[in-house]
Amino acid sequence: MFVKQSLAIGFFAAIVAQGCGARSQLQPCQRDSDCATVDMCATWVCQYDTKIHDKACIAIAHTSCDDGNPCTTDACDKHTGECSNTWVTLDVDGDGHRGPLAGHQPGDPGSCGDDCDDTDPRAFPGNAEVCDGVDNDCDGIIDNGATYTPTLGSEFQLSKPSFDWAEPDSFVRGSPKSTVDILASYDGTLGGQLSPFLQPLDGTGKPTIDPFVLTGSDAAGSGTSVAWTGDRFGIAWSDRRDGNYEIYFALLDPTGKKMAPGDERITVSDGYSLYPSLVWTGQGFALVWQEERSNGDFKLQGQRLDLEGRLVGNIMTLTSGATDDQGPSLAAGRTELGLVWVQQKSTSQAIVFQTFGFDLTGAAPSPVTLTTPSMDGEGSSLVYDKKNDRYISSFFDASPAKRVVYGTVIGKDAKVIVPPTDVGKSPAQERDVSLLALGDRVLFVYADDRDQNSGYELYAHTLSADLSTELQPPTRVTAAPGDSISPIMTFATDGTALVLFRDDRGPNPAVFETGLKCVMPTP
Amino acid sequence: MRFSFSFLLCLLAAAACGGKATSDDDGTDDDAGTFGRGPDGGADGNGFVDPHCPEAGAPISDLECNVFEQNCTIPGSACYPSAIPPQGPCESEVYGSFCLPMGVGSQGAPCDNGDGCAEGFVCLITGANTQCARLCDLGGGAHGCSNGFVCEPIDVPGFSACL
């Protein structure tokens with residue numbers, strides 16, 4: 001009902017005539033029929049106008065196009081007199097349901113849309129929930145009631161045997177309509193050259209083509225972070241081609257091809273710029289990294305980019321004070337960004353959390369500390385829990401005596417809802433934790449040395465959304481000798497929780513992939 | 001676990017050891033043509049073809065000393081892995097080990113602000129801190145890591161540290 005009717009030409013022209021003292025621009029007429037084609041959105045009569053002392057077309061009634069729907073923009077075509085009522089929201093994914101207005105919950109009054117994910121046609125209200133890693137029925141829960149079963153022995157090596165070594169960086173699902181369903185990235189050394197590699201995968205997690213080098217230079221690059229926008233991937237990484245580590249950014253189309261303008265240098269700094277974290281907010285990319293200062297400490301910096309990769313605004317300094325800030329991890333919420341990082345203080349190594357606006361401004365006055373003073377927090381990551389409109393962070397305590405993996409829940413108001421909770425409950429060493437927020441539960445995968453199997457193995461553990469209740473006990477995911485560490489998860493199209501990880505079963509560390517099969521409860 | 005970057009030593013190495021590089025004939029890559037570069041992005045007009053560096057050779061390896069044997073002869077020096085970034089567009093990087101002034105930091109000790117690491121350790125930016133880490137052999141053997149730690153590659157190919 002956003003009314004955008006055409007102005008009646010008579011009224012407009014009369015004001016012009018009065019204000020400027022010019023001759024009348026009103027359409028002259030002798031009879032009503034002379035006014036029929038002036039503007040079909042009004043009823044016209046030919047009347048004597050006292051101001052111009054002549055007969056002119058005057059509108060006496062306007063066509064109302066108001067359809068009574070507050071979610072449409074109503075307009076009248078003055079050439080035809082026909083009304084149009086255009087929705088203010090779109091159905092981008094074509095599933096018959098519109099996405100909500102920005103800042104609104106899907107289905108809420110005034111939201112003008114009830115689609116909980118308008119980038120995915122598998123998600124809309126009323127749809128049946130199946131194993132696919134998607135909230136099909138828009139109740140906020142992914143694959144309701146499903147359990148996740150490791151498929152021991154099904155893991156395979158993703159990086160080529162000729163790599164000197166390889167370690168995973170990023171694991172991101174595109175859309176079912178894109179050519180590349182899933183994009184994996186990892187660092188590796190091939191022929192003595194350290195480079196970031198990309199590996200496109202199909203919906204089952206199988207390679208579609210050979211991996212390829214991301215960068216166009218022959219200098220070292222690494223530490224990729226990938227984000228999916230709905231029709232393309234954004235990717236950021238650290239690159240040494242300029243004689244110093246700088247942050248670079250590029251766009252990849254849905255087939256994995258690098259898009260114009262190619263590699264974009266984001267930073268120009270005397271010190272190292274490392275560990276980028278990239279997310280898509282729905283409005284643009286948000287990119288955060290750590291940048292070295294002259295005293296050797298690091299501060300967090302941020303930059304926004306639009307869908308075409310163009311810089312939006314300037315680089316912003318996100319942290320200040322006498323702390324060393326490293327390892328940022330971003331997550332995009334509905335109306336804000338969440339950010340966790342490691343803050344090195346004089347006596348502790350804390351994991352801290354802070355929210356920012358999508359434009360990287362409006363930060364809370366100071367970050368909230370998630371760790372206790374006795375912890376040495378490391379490996380922090382952050383995901384947005386869409387159903388509960390809050391964040392879940394995971395990290396591990398790297399204290400020498402015993403490494404423990406933790407999960408914690410934080411509100412968008414930066415208040416800790418669930419303090420750090422021991423996720424693994426292992427008697428042995430633990431490290432490197434990844435998680436998937438499923439709405440009513442959380443799936444964790446982490447490295448655990450409880451089996452003393454010549455190094456760490458990966459374990460899966462499912463807890464309730466508030467981390468208080470065990471829904472599936474810790475279950476072994478890998479079983480080969482040698483370390484299995486650094487897991488990263490995403491969903492396959494059949495709902496399998498795919499796990500990308502480093503494995504040392506062969507002569508060199510390599511990137512492997514395995515999966516936790518999604519099993520729906522029996523009706 | 002995040003990949004770790006060596007700290008400052010590359011700059012020291014550039015000053016102390018530049019010009020001593022030697023070629024590494026074993027650095028060629030038989031597989032580079034198979035999966036060395038990305039798919040052609042130029043066909044649809046919206047893509048981008050990386051210019052790459054066709055004239056650039058393999059990275060140069062310059063091993064002045066052995067980080068496990070610690071065979072530096074200058075008193076007060078120790079052997080550390082280092083990298084010299086390219087000095088111009090499409091020039092090769094230099095990876096190697098060099099004898100540099102010895103610090104005192106052991107596993108986990110902070111090493112920014114010029115505090116160096118003891119022999120057998122390397123200063124790393126881990127994404128959590130900037131700390132000394134024990135050098136190790138990815139293949140294990142005599143140069144493995146203690147309980148809870150894992151031997152992780154660093155950004156100087158051929159070298160790894162316990163994290």
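Some notes on this structure:
- Cα gyration tensor, region A:189-243 - rounded (a/c under 1.5), prolate or oblate: oblate
- Degrees between helix A:9-20 axis and first principal axis of chain A (Cα, 0 to 90, nearest 10): 80
- Taking region A:399-523 and dividing mean pair separation by its residue count, relative contact order in percent (alpha carbons under 8 Å, at least six apart): 16
- Rg over Rh, two decimals, the protein assembly as shown (C-alpha only, Kirkwood Rh): 1.09
- Rounded to the nearest 20, the Cβ-based charge dipole of region A:64-202 about its Cα centre (Lys and Arg +1, Asp and Glu -1) stands at 480 debye.
- Sorted by Cβ density within 10 Å, fewest first, the residues A:310, A:441: A:310, A:441
- Exposure proxy for B:104, A:368: other Cβ atoms within 10 Å of each Cβ, ordered fewest to most, give B:104, A:368.
- Summed residue charge, Cβ within 9 Å of residue B:138's Cβ, Lys/Arg positive, Asp/Glu negative: -4
- Inter-label distance for residue A:264 and residue A:79, nm, one decimal - labels placed 7 Å from Cα along Cα-to-Cβ: 3.8
- Dipole magnitude of region A:203-289, debye to nearest 20 (Cβ charges: Lys/Arg +1, Asp/Glu -1, about Cα centre): 240
- For the residue pairs A:206/A:258; A:55/A:78; A:299/A:387; A:299/A:412; A:415/A:517; A:299/A:425, the C-alpha atoms sit more than 28 angstrom apart in A:299/A:387; A:415/A:517; A:299/A:425.
- Region A:230-369 shape via C-alpha gyration tensor axes, a/c threshold 1.5: oblate
- Each of A:353, A:203, B:95 was scored by the projection of its Cα onto the charge dipole of the protein assembly as shown, and the greatest displacement toward the positive side belongs to A:353; charges sit on the C-beta of Lys, Arg, Asp and Glu.
- Surrounding net charge for residue A:196, when Lys and Arg each add one and Asp and Glu each subtract one, Cβ distance under 9 Å: -3
- Contact order for region A:200-340, expressed relative to its length and based on alpha carbon pairs under 8 Å spaced 6+ residues apart, stands at 16 percent.
- Extending 7 Å from Cα along the Cβ direction at residue A:417 and again at residue A:469 yields two label points whose distance is 1.6 nm.
- Cα gyration tensor shape of region A:106-225, rounded if a/c is under 1.5, else prolate or oblate by comparing a/b with b/c: prolate
- Seen from residue A:503, the other residues with C-beta closer than 9 Å to its C-beta sum to a net charge of -1, counting Lys and Arg as +1 and Asp and Glu as -1.
- Relative contact order (%) - chain A, alpha-carbon pairs under 8 angstrom, separation at least six: 10
- Think of it as helices only: each DSSP H run of n ≥ 4 in the protein assembly as shown is worth -39500 (n - 2.57), and spread over all residues that comes to -1000 deg cm²/dmol at 222 nm.
- Counting every other Cβ atom within 10 Å of each residue's Cβ, A:387, A:299 order from fewest to most as A:387, A:299.
- Separation between Cα centres of region A:353-395 and region B:76-116, rounded to whole Å: 33
- Check: region A:449-521 dipole with +1 on Lys, Arg Cβ and -1 on Asp, Glu Cβ, in debye: 120
Every read-out reported here was derived from the displayed coordinates using simple, explicitly stated rules and does not represent laboratory data. Predicted, not measured: the structure shown is a model, and the values here were computed from it. For neighbour counting, all protein chains shown are included, and Cβ atoms are generated from backbone atoms with ideal geometry for every residue, glycine included.
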